[in-house]
Structure formats: structure tokens, C-alpha cells
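The values are calculated or read from the model by the stated rules, or taken from the named source; none is laboratory data. Computed from a prediction, not measured in an experiment: that's the story for all the values here. Reconstructed Cβ throughout: ideal geometry from the backbone, glycine too, with neighbour counts over all protein chains shown.
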């Protein structure tokens, strides 16, 4: 007999202002998997990103969902991102806190955002190449622009859950707290997202 897995999720989106039409089209086209329950999500406009993430996680927890699907207003997910992130989560070890899709920096280098190798220690946040064979890559920090996060793991993080500082971004801050609690983080390089420059319309 297969074990029941709660696949309910709440969509939480950090917005900087008006949504670019390309991003709106990508976000509204996302499919809800037949065996997953989507509960009411939340959008926060124009707030400092660390503050916004904290409030969004609180809102997601209040819905009773198992996961938060974190999206940024400049990330363009594939239509089936939810099902694929859920599959990645279930293929990962049980102590996994988050699985992120892969997207790249918005510049000429177009670097894949794969940060840190746990084999080099918890403080390693060097940029890594995408593997030759796509799959789950264990990292020390994940970007929260297209990530599925376990709300059970978030509940174990002392508030504030994530903070933007001069030394680290809010997603690296949260990643550090999660890994310190013994959780694992993964980027699934099979799931590719576009990264939209909302000023020029260029997709990286």
C-alpha cells in the first residue's frame, strides 16, 4: 500500500509593482496537478523582500498547506512546474526543506543559479556549473524565485524566517538557517525557468 503524501500547496508571490504581461501569462498558465490541492495564495506588492517573504510564509502556513510555491514576478515557470517540483521533492530525501527550479542570472554571463557544494562545507556559496546529466543537485543555498518549500521546515525556523542584510540575500539567509537545522536543499536542473528583465523584455 502506498503511503499518503500531502501535496497541498499555497502560491506566494513577491511583487515589486505592476506585473509584466509576459510574467502574468506564465504565472496564470500554471497547471494544478490532479493529485495536488491548491489552496489560496498571497501576493505582496512593493515591500522589502525579506519582510515580504516572511509575511508570505506566514500566510501560507495559515492556509494549512504542506508547501509554499514561491515565485518572483520576473521568473517565468513552465506550465507543469508544480507537478515537477512535487516529483522532485518526493525523489529527494525525507529531510529536504526545499526544491528549486533552475534559472540563470540576468546578465551577459547568464550563470545558472546553483550555489554552494555541501561537500565543501556549509559556508561554501560558490557558483557551480549545471551538471552534464540534469537532475537533483544538493546545494547550500537556493533562490526563492521558483521554489517549493516545506512549511513544516519553515515552522522550525526561529523568526524572522529570512532577512536581507548587507552580507547576504534573504534567500541565502533562509537557506543558511535551514541547513543549520539539518535540512537539505536541492535545485532540480531538469526544470528550467526564464528570468525576465522587466525593463528591456529580455528573457535569460
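General observations
- Residues in the range 136-156 that are in a strand (DSSP E or B) and closer than 12 Å to residue 178 by Cβ: 139, 141, 147, 149, 150.
- Checked against the criterion of being buried (at least 17 other Cβ atoms within 10 Å of the Cβ), touching a strand residue (DSSP E or B) at 6+ places or on another chain (Cβ under 6 Å), more than 26 Å from residue 189 (Cβ to Cβ) and touching a residue at least 12 places away in the same chain (Cβ under 8 Å), the candidates 63, 96 yield just one match: 63.
- Selection of the range 8-66 for residues being within 17 Å of the chain's Cα centre (by Cα), more than 27 Å from residue 197 (Cα to Cα) and modelled with pLDDT of 90 or more yields 8, 9, 58, 59, 60, 61, 65, 66.
- The residue list 97, 83 contains one member that is closer than 22 Å to residue 162 by Cα, within 16 Å of the chain's Cα centre (by Cα) and modelled with pLDDT of 90 or more, which is 97.
- Residue in the range 122-135 that is free of Cβ contacts under 8 Å to residues at least 12 places away in the same chain, in a loop (DSSP other than H, G, I, E, B), surrounded by fewer than 16 Cβ atoms within 10 Å (Cβ to Cβ) and touching a helix residue (DSSP H, G or I) at 6+ places or on another chain (Cβ under 9 Å) present: yes
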